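Right, one structure below, let's go through it.
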Amino acid sequence: MSGLAIRAAYVPLVDAAPLIVARELGFAADEGLALDLAQARSWASLRDLLAAGAVDAAHMLAPMAVARAMGLGPALPPVEVLMILSQGGQAVGAAEALAQRVAGLTEPAPLARAIRAAGPARLRVGVPFPFSTHVLLMTRWLGNDIDIRTVPPPLMAQALEAGEIDLFCVGEPWGSVAERQGVGRILLPGRAIWASAAEKVLAVRSGWAESAPDTARALMRAVWRAGRWLDLPANRSMAAEILARPEFLSLPPEVIDRALTGGIGGAGRFVTFHEGAATFPWKSLGGLIAALLARRHGLPEGPAVTAGSAVFRTDLYRLHLREAGADLPGASQKIEGTLSHPTAVASERGTMILGPDRFFDGWIFDPLDG
């Protein structure tokens with residue numbers, strides 16, 4: 001295998017790290033892949049790059065891919081999820097004045113009640129995109145009676161300063177940038193609402209992976225190896241230095257390092273790239289996202305779950321990553337939301353330990369229910 005090439009798009013966020021590291025540290029080259037990266041300043045522009053064929057793969061919000069399969073949004077070619085790129089990584093915060101009124105509260109349920117009492121009657125919440133984990137988190141936490149406003153991640157601090165939003169849910173480092181500028185404050189990580197919140201995925205146009213199997217294999221292996229490298233504590237400072245470069249996030253390394261070293265939201269990993277089978281594209285995860293989107297948009301849940309589950313290509317993950325050393329679960333779906341602690345499950349190598357996946361309110365999604 002040689003002479004493989006691919007162009008992939010990303011939005012400048014910490015959780016674009018697997019793609020960036022795959023190229024910068026040679027994981028892609030080791031797989032015989034020339035990986036070219038294209039930066040998009042918004043999720044809409046990234047969506048359009050992939051749809052037009054200007055890029056072959058993308059660092060994409062997980063619900064974007066599921067929403068496309070459900071017929072939500074503009075009519076564009078369908079996409080598929082090859083693997084999960086990251087879990088967590090969302091910073092949930094408030095404008096400085098509102099944050100001061102709820103200071104000292106760290107548990108999701110009482111904090112939500114306090115925000116409801118201290119804020120305006122209809123809270124304005126800034127999120128990066130209408131079909132995003134951020135929307136699912138904020139509506140699960142605060143309910144549907146909130147005003148969702150789309151703000152590109154690099155402009156979140158500006159929207160806070162202008163008084164256009166009361167709260168935000170955004171990928172790092174843009175919550176930390178808002179704090180650094182004194183216009184907002186991070187209140188809790190997204191994982192406090194959903195412990196295994198699936199954030200970004202490696203997405204391609206439907207059918208592409210079958211049409212270019214060697215390239216798909218090389219890309220998936222390179223990204224998987226990069227995620228494994230990123231989750232080693234000894235590598236986090238180097239990762240922050242790489243991401244901080246002008247051609248990537250163009251921010252001080254210490255702002256990025258905060259997200260990588262768990263400096264947001266207390267104990268535990270803020271964002272995960274590999275541990276706990278974080279990269280496996282569970283079909284039940286696609287179904288869960290589809291169920292939440294269906295409820296929000298008033299669509300029948302059964303067909304939505306079927307469509308969302310089909311987007312997550314566990315078959316390709318098994319095909320291309322088994323030889324790379326990935327442990328593979330015995331099943332391709334599971335009941336979501338039941339795990340409070342790391343839990344060993346049946347797998348091919350017998351080494352798989354899943355991380356916690358509970359929702360703050362105890363909600364459970366069973367893909368076989370109904």
Looking at the range 292-315, I want the residues that are more than 21 Å from W194 (Cβ to Cβ) and have a partner that is of a type in the set (D, E) and not in a helix (DSSP H, G or I) with Cβ atoms under 8 Å, at least 6 apart or on another chain. Which pairs are those? R313/E80
Condition met for V204 (surrounded by 20 or more Cβ atoms within 10 Å (Cβ to Cβ) and in the same structural domain as L251 (by TED's automatic domain parsing)): yes
Tell me, yes or no, whether the range 268-281 has at least one residue that is of a type outside the set (K, R), farther than 30 Å from M70 by Cβ and without any contact (Cβ under 8 Å) to a residue 12 or more places away in the chain. no
Restricting attention to the range 21-75, report how many residues are hydrophobic (A, V, I, L, M, F, W, C), in contact (Cβ under 8 Å) with a residue 24 or more places away in the chain and in a helix (DSSP H, G or I). 16
Considering only the range 122-134, I want to know if a residue exists there that is in a helix (DSSP H, G or I), out of contact with any Asp or Glu (no Cβ under 7 Å at 6 or more places or on another chain) and modelled with pLDDT of 95 or more. yes
How many residues are within 27 Å of L321 (Cβ to Cβ) and either in a helix (DSSP H, G or I) or not assigned by TED's automatic domain parsing to the domain that holds D30 (or both) when one looks only at the range 221-255? 19
Per-region count, the range 131-151, residues touching a residue at least 40 places away in the same chain (Cβ under 8 Å), buried (at least 21 other Cβ atoms within 10 Å of the Cβ) and either over 13 Å from I193 (Cβ atoms) or more than 24 Å from the chain's Cα centre (by Cα) (or both): 2
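The values are calculated or read from the model by the stated rules, or taken from the named source; none is laboratory data. If you're wondering where the values come from, they're calculated on a predicted model, not measured in any experiment. Every residue, glycine among them, receives a Cβ derived from its backbone with ideal geometry; neighbour counts consider all protein chains shown.
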